[in-house]
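Report on the structure given below.
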Amino acid sequence: MDPARIIGKMTPAARFWIRFAARRAARALIVIFIVAAASFFLLRAAPGGPFSGDRALPPSILRIVEERYRLNDPIYLQFFHYLQNLLRGDLGPSFRNADFTVQDLIAIGLPKTAAIGACALLFAIGIGLPLGVAAAARRSGAIDRIAGGIAVAGLAVPNFVLGPFLVMFFSLILHWFEPGGLEAPADLVLPAVALGMGPLAVILRLARAGMLDVLSLDYIQFARAKGLRERTILFRHALPGAISPVLTYLGPACAAILAGSLVVESIFSIPGIGGYVVRGAANRDYPLVMGVVLLGTAFLVIMNTIVDALYAAIDPRIRRS
Amino acid sequence: MAAVRFLCILLAFAAAAACRRAPDAASTLRFHNMSEPRTLDPAGAISVAEKNLLLALCEGLTSLDPRTARPVPAVASRYTALDGGRTLQFDLRECRWSNGDPVTASNFRDSWLRVLEPATASPLVNLLFSIRGARAFHEGRAPRDQVGIAAPDTRTLIVRFDHPDPRFLQLCASSPLVPVHPRAAATAGFYTRAEAFIGNGPFVLAERTPNLRIVMIKNRSYWDASNVTIEKIVAWSTDSKQAAVDAFRGGQSDWVDDFPAGQASSWLGSAELSTSPYLATFFVRFNTHKKPFDDRRVREAVHRAIDRAAICRGILKLGQRPATGFVPACMETVSDYHCISGPDFDPVRARELLAEAGYPDGSGLPPVEFQYDTNEDYKKICEAIQAMLRENLNMRIYLINKEKKVHLDDEENLRYGGLSRGSWIADYMDPMTFLEILAGDSPDNRTGFQCKEYDELLERARAEGDPKARLETLQKAEEILVRREFPITPIYEYVKQTLVDRKRIVGGFYENPLGVHPMKWIRLASSGK
Amino acid sequence: MSAILTIEHLNIEYETGASSVKVVRDVSLQIEEGSITGVVGESGSGKSSLFRAAIGLLPPSARVEAKQLQFNGVDLIQQLRRNPRAIRGRRIGMVFQDATASLNPYLRIGTQLAESAAEHLNISKTAARERALDALAEVAVPDPPGVLRRFPHELSGGQRQRVAIAIALIANPELLVADEPTTALDPILQLQIIQLLKSLRARRGLSIVLISHDLGLVAACADRVAVLYAGRVVEEADARAIFTNPRHPYTRALLTSIAPLRGERPRRLCAIDGHPPSPASVDAGCAFAPRCSNATDECSLQIPVVESSGGRRHACLHPIGDRP
Ligand SMILES: Nc1ncnc2c1ncn2[C@@H]1O[C@H](COP(=O)(O)OP(=O)(O)OP(=O)(O)O)[C@@H](O)[C@H]1O
Ligand SMILES: [Mg+2]
């Protein structure tokens, strides 16, 4: 069957989604390539090599090691090899954790980072969105005032201050949670709160402002004139318009959570992939840093695509163009 | 000040909280290792953290006496020197790998040959070079069967040397000379997964979580298992020494191996702090390719202008000893070496030397950069030296702090501006471990210092059959360093500062000049008798 | 004929920060059942505020006071406080100037129609859909089933206003308030909407309030006309009487600025010299006095009382046609 004919026969919506997917896939590949190239060359531009230490390797040994990892090849060739391996799904060995491959390390660390990241995001959305909507619906009411306080605090207190504070208060004074580690599900609570508080504040503000904007629009007035219940007006008519800014922020929120995990993991002694970046950079562990950076990039690209898809699913005007 | 108080309160709470954690079984030893190990493969192990773990997971022909760090029989029940020390014969006792296989002499031979194999890229390969034919094999100049390691039967190992090597029995105790199981190189995940790991030490690998911890449990097949009382070891690999100290305060750790000297004052006088002379020296490198330090008189002037006693008293405070020689004085307690001391603090003579070099009262001296790797303790020491050199020599010094890897890179390529901080920890108890690094071809030299006479003295010592004459030759070499050429100027001899919970660790834990604590011997409260 | 909506002495104030502005002053008005009442006045004269008050759609900052506000014998003020949804959409429908902005861009036309029907008529989903199809047919939208599935942005401007009217009428209200329903449309469409309103009145006996700037449009369909100036009704009469024989100078000024119904673009009311007063500045005297050619000193001192005679009323000290 001629693909053009198949596409011709499809409904406009289906055609939109196919084009959407194709364009996004192409864009994702380009983004990943650019990030790979940028981080590859930047990492190697930093002075100092992966195998230097308080005790230098004998020159003959250093030569063998460097040859094994092709570190003496021209840099563009190294990059080419890296891409080749990447296409085969091979992220290479870790230089610093020499008994592990980068895949091994990611397989060990990712579930931990993903768990606290997902909890942080759920926490930020699950509290921020309803609170923002409620604050807008009862403007200047008690909820609005509480929400305002939370938003200011969430934006003003960085996670590296909030984290230790949470530990002090909830595990050292109240003894509700363990001060660190990731052994039981309850251990997720404090890191998720520390990580999600900033995004929560932003989501709360965006949801509140979006809701207030939308509530002043003519179509809400018209919905009132129609005699609809307040609940219907709030949730069916106002919410879709109000959450678009929140949706737009979800991409950056994921980025913020990913970046925050570098700090929060170390506060709570969670051996996730956030720590790999910090240590990997200090140790010039090129493959490890590359692997985690590319993983993060792929994650952000996917999240942004999902967000845009949600956006298009909610707002019919986007699907037309 | 307020911040400090706040921190103290925080720490106190941290301690209280940590106590809540369900206590591990009484027979579990928990300690904070210095850092995450790079590898558990003995052929690749190089750092103190790795050596700590390998002492538990593997056992060589000898092992280190926990009190003195001297070699004692281990897998070898007996060793005999033949042929004036040019041959060592090891008689192996009957012992088994953790999977039940017998440990044989050929296991040792094959493990050592593997270390020598160029493809293994073992960083400490030159420790084996005294074995006959070893270096030639490593460099591809001789076949494998010409290396002087023979296993005539399963329980006898014969090692031949070109010259007697007094260090060798010590070296046998630790990596890279401990044996690895034949399957090690061929099994994926051998060093990362408990199911795959096979060892012959008192403990075996039970869990390995990178950047978090390594758990080891008692090896039931170990020949001396009846003398091992610890059932389980949890080795935390904390990057942050501060976190390690916090955990210790909180009772989560029985022992912190090395912690920031800057913290020491808060522990002074407490029973938990253990300090002991350590075979390690803190020193300053000169870039001898750069003005004004291309002139030995200027280097000597700097050496004489530093008041080391003031640094030890005012900054370090843990009983570190001022060093004017490169080999630490405590080497004398573990060998027959007589340490060489360099000239003492003498600012008058220092200024004379400076004038002789053409810089009377420091006039005409170019500004000098003093580079160090980021660290609070180093910063204080370097600042003190900066002030002393300004005061005594009128030398203008700029402190430059660099990230560790950048610092190392600058040192290796002699890119630092004149002075650079360095330190060296002994691999074994012999002056060679220090003196070797300033050989002209040593990658750890990093000063540009190249002295034919010095290199020849080291060569002569290696070939010397008579132990006494060998040490005298090494003394002559050290004299060149700290009385004549001054490619470096020593500052102080380290002490090893360790936190030990004496209520938990009640025996078998001793201080020794190598700072090693074989866990086989450690006894915990209410574990065993 | 009886009055379907009776407004007596209605005042509306907006509180803005510390001060407050009175935008509707002492308005009394009766809307006759089955009539089309045109309400005209310059921008800001309070037309929208007046009728939003009738369905309780004013913002929280508005304060409403009235001697009486009755709808078909029901006290609106009480009813709106107790259960506004029994009035809004159910008994009084309202459409706004800009149908594009009135329709929710995120929801299908079908949903927006059916939810009103379901809300007020208490009927099943399928019945609501049937009702929606009928409503679309009634406002003469082509292809009602197709339109049900579409989103607002997929319709033309005229269709959108028809849909808005269909939504407002879906629960069979007795009164439709059309607040400038044609301002956003071009003249041809304006006429079509006016035709539609007229036919709805004819078919259903619907009472309609048509708020507009545009006297021409009002002339084309209204039975009675009320003229608002600065929050007051300055003249009210049968449409014919207003157009042929205005008594208030402001009404006459409006008429001279009227646009030809068919022709180029309609001109706006501000064609009168001077600017409409800001509501805050009107305190004493006739608000129109500063712009009035007939004004005397008296006019700026004394608020004119409403004179009613012969089914019409006006508020002017020197009405047109009186001998001085
Ligand atoms: N929420 C509000 N707060 C304060 N003042 C308001 C508010 N809404 C309207 N006003 C003021 O009330 C006056 C009357 O407004 P209204 O919308 O009733 O006039 P209108 O006759 O409908 O004007 P237009 O023809 O422009 O629609 C205006 O001066 C306006 O500025
Ligand atoms: Mg209006």
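Scan B:Arg470, B:Arg446 and give me the residue that is buried (at least 19 other Cβ atoms within 10 Å of the Cβ), outside any helix (DSSP H, G or I) and either without any contact (Cβ under 8 Å) to a residue 40 or more places away in the chain or outside the structural domain of B:Leu171 (by TED's automatic domain parsing) (or both).
Checking each option against the conditions leaves just B:Arg446.
What number of residues in segment B:262-274 are under 19 Å from B:Tyr378 (Cα atoms) and either among the charged types (D, E, K, R) or within 20 Å of the chain's Cα centre (by Cα) (or both)?
0
Of all helices (runs of 4 or more DSSP H) completely enclosed by segment C:107-182, which ones contain at least 2 residues that are away from every other protein chain (no Cβ under 12 Å)?
So the answer is C:125-138, C:144-149, C:157-169.
Scan segment B:254-265 for residues that are surrounded by fewer than 22 Cβ atoms within 10 Å (Cβ to Cβ), of a type in the set (A, V, I, L, M, F, W, C) and outside any helix (DSSP H, G or I) and report the count.
The number of residues fulfilling the criteria is 1.
Can you pull out every residue in segment B:473-494 that is polar (S, T, N, Q) and either buried (at least 24 other Cβ atoms within 10 Å of the Cβ) or closer than 24 Å to B:Cys312 by Cα (or both)?
B:Thr489
Residues checked against (1) charged (D, E, K, R); (2) within 15 Å of the chain's Cα centre (by Cα):
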position	(1), (2)
C:Ala3	no, no
C:Arg25	yes, no
C:Thr37	no, yes
C:Gln78	no, no
C:Arg85	yes, no
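Matching residues to (1) more than 19 Å from the chain's Cα centre (by Cα); (2) within 14 Å of chain A (Cβ to nearest Cβ); (3) surrounded by 18 or more Cβ atoms within 10 Å (Cβ to Cβ); (4) not in a loop (DSSP other than H, G, I, E, B):
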position: B:Met216; (1), (2), (3), (4): yes, no, yes, yes
position: B:Tyr222; (1), (2), (3), (4): yes, no, yes, no
position: B:Thr229; (1), (2), (3), (4): yes, no, yes, no
position: B:Asp239; (1), (2), (3), (4): no, yes, no, no
position: B:Gln252; (1), (2), (3), (4): yes, yes, yes, no
position: B:Leu279; (1), (2), (3), (4): no, no, yes, yes
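Cβ-Cβ below 6 Å, separation at least six or inter-chain, first residue in segment C:211-238 and touching a residue at least 24 places away in the same chain (Cβ under 8 Å), second among the aromatic types (Phe, Trp, Tyr) and within 16 Å of ligand 1 (Cβ to nearest atom): which pairs?
Note: pairs meeting the criteria are C:Tyr229/C:Tyr250; C:Tyr229/C:Phe288; C:Val234/C:Tyr250.
Just to be sure before I move on: is C:Asp186 more than 14 Å from chain A (Cβ to nearest Cβ), over 22 Å from the mean Cα position of the chain (by Cα) and either more than 16 Å from ligand 1 (Cβ to nearest atom) or among the hydroxyl-bearing types (Ser, Thr, Tyr) (or both) in the structure I sent?
no
Which of the numbered conditions does C:Arg160 fail, given that it passes all the others? Conditions: (1) in contact (Cβ under 8 Å) with a residue 40 or more places away in the chain; (2) surrounded by fewer than 18 Cβ atoms within 10 Å (Cβ to Cβ); (3) among the basic types (Lys, Arg); (4) closer than 23 Å to C:Glu119 by Cβ.
(2)
Mind checking whether some residue in segment C:36-50 is within 14 Å of chain A (Cβ to nearest Cβ), within 14 Å of ligand 1 (Cβ to nearest atom) and not in a strand (DSSP E or B)?
Within segment C:36-50 (the criterion being within 14 Å of chain A (Cβ to nearest Cβ), within 14 Å of ligand 1 (Cβ to nearest atom) and not in a strand (DSSP E or B)), the answer is yes, since at least one residue qualifies.
Given the structure, is B:Ala244 modelled with pLDDT under 80 and not polar (S, T, N, Q)?
No: the conditions fail for B:Ala244.
I'd like to verify a number: residues in segment B:281-312 that are more than 26 Å from the chain's Cα centre (by Cα), basic (Lys, Arg) and within 21 Å of B:Glu411 (Cβ to Cβ), how many?
Looking only at that region, the number is 4.
Limited to segment C:40-59, what total is found for residues that are surrounded by 24 or more Cβ atoms within 10 Å (Cβ to Cβ) and more than 13 Å from ligand 2 (Cβ to nearest atom)?
2
Rundown of residues vs (1) under 19 Å from A:Leu91 (Cα atoms); (2) among the aliphatic types (A, V, I, L, M); (3) away from every other protein chain (no Cβ under 14 Å), yes/no style:
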position: A:Gly275; (1), (2), (3): yes, no, no
position: A:Val278; (1), (2), (3): yes, yes, no
position: A:Val289; (1), (2), (3): yes, yes, no
position: A:Val293; (1), (2), (3): yes, yes, yes
position: A:Gly296; (1), (2), (3): yes, no, yes
position: A:Met303; (1), (2), (3): no, yes, yes
position: A:Tyr311; (1), (2), (3): no, no, no
position: A:Asp315; (1), (2), (3): no, no, no
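Report yes if some residue within segment C:62-76 is within 14 Å of chain A (Cβ to nearest Cβ) and within 11 Å of ligand 1 (Cβ to nearest atom); otherwise report no.
Yes, segment C:62-76 contains a residue that is within 14 Å of chain A (Cβ to nearest Cβ) and within 11 Å of ligand 1 (Cβ to nearest atom).
Here are the criteria: (1) aliphatic (A, V, I, L, M); (2) modelled with pLDDT of 90 or more; (3) more than 20 Å from C:Ser102 (Cα to Cα). Tell me which single one C:Val163 does not satisfy.
(3)
For (1) within 13 Å of chain A (Cβ to nearest Cβ); (2) not in a helix (DSSP H, G or I), each residue gets a yes or a no:
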| position | (1), (2) |
| --- | --- |
| B:Ala26 | no, yes |
| B:Leu29 | no, yes |
| B:Ser35 | yes, yes |
| B:Thr39 | yes, yes |
| B:Ala43 | yes, yes |
| B:Leu55 | no, no |
| B:Ser63 | no, yes |
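Those residues that are more than 16 Å from ligand 2 (Cβ to nearest atom), farther than 14 Å from C:Glu174 by Cα and outside any helix (DSSP H, G or I), I need them from segment C:60-81; list them, please.
Listed by number, the residues that qualify are C:Pro60, C:Ser61, C:Arg63, C:Val64, C:Glu65, C:Ala66, C:Lys67, C:Gln68, C:Leu69, C:Asp75.
Conditions: (1) within 19 Å of the chain's Cα centre (by Cα); (2) away from chain C (no Cβ under 14 Å); (3) crowded, with 22+ Cβ neighbours inside 10 Å. A:Ala259 meets all but one. Number of the miss?
Going through (1) within 19 Å of the chain's Cα centre (by Cα); (2) away from chain C (no Cβ under 14 Å); (3) crowded, with 22+ Cβ neighbours inside 10 Å one by one, A:Ala259 breaks only (3).
Among the listed residues A:Leu110, A:Leu121, A:Leu87, A:Leu166, identify the single one that is surrounded by fewer than 17 Cβ atoms within 10 Å (Cβ to Cβ) and out of contact with any strand residue (DSSP E or B) (no Cβ under 9 Å at 6 or more places or on another chain).
Being surrounded by fewer than 17 Cβ atoms within 10 Å (Cβ to Cβ) and out of contact with any strand residue (DSSP E or B) (no Cβ under 9 Å at 6 or more places or on another chain) holds for just one of A:Leu110, A:Leu121, A:Leu87, A:Leu166, which is A:Leu87.
Looking only at segment A:66-84, filter to residues that are closer than 18 Å to A:Val293 by Cα and surrounded by 15 or more Cβ atoms within 10 Å (Cβ to Cβ); which one of those is nearest to the other protein chains (Cβ to nearest Cβ)?
A:Gln78
Only one residue in B:Phe137, B:Phe161 is away from chain A (no Cβ under 14 Å) and of a type outside the set (Lys, Arg), so which one is that?
Of B:Phe137, B:Phe161, the one residue that is away from chain A (no Cβ under 14 Å) and of a type outside the set (Lys, Arg) is B:Phe161.
With (1) within 16 Å of ligand 2 (Cβ to nearest atom); (2) assigned to a loop (DSSP other than H, G, I, E, B) as the list, and C:Arg247 as the residue in question, which single condition is left unmet?
(1)
Every residue in segment C:77-106 that is at the interface with chain A (Cβ under 7 Å from one of its Cβ atoms) and not basic (Lys, Arg), please.
C:Gly89, C:Met94, C:Phe96, C:Asp98, C:Ala101, C:Ser102, C:Leu103, C:Asn104, C:Pro105, C:Tyr106, listed by residue number.
Filter segment B:387-418 for residues that are more than 21 Å from B:Pro260 (Cβ to Cβ) and in a helix (DSSP H, G or I) and give the result.
B:Ala387, B:Met388, B:Leu389, B:Arg390, B:Glu391, B:Asn392, B:Leu393, B:Val406, B:Asp409, B:Asp410, B:Glu411, B:Glu412
Could you tell me whether C:Arg252 is away from ligand 1 (no atom under 16 Å from the Cβ), in a helix (DSSP H, G or I) and in contact (Cβ under 8 Å) with a residue 60 or more places away in the chain?
yes
The values are calculated or read from the model by the stated rules, or taken from the named source; none is laboratory data. Just so we're clear, the structure is a prediction, and the values are computed from it rather than from any experiment. For neighbour counting, all protein chains shown are included, and Cβ atoms are generated from backbone atoms with ideal geometry for every residue, glycine included.
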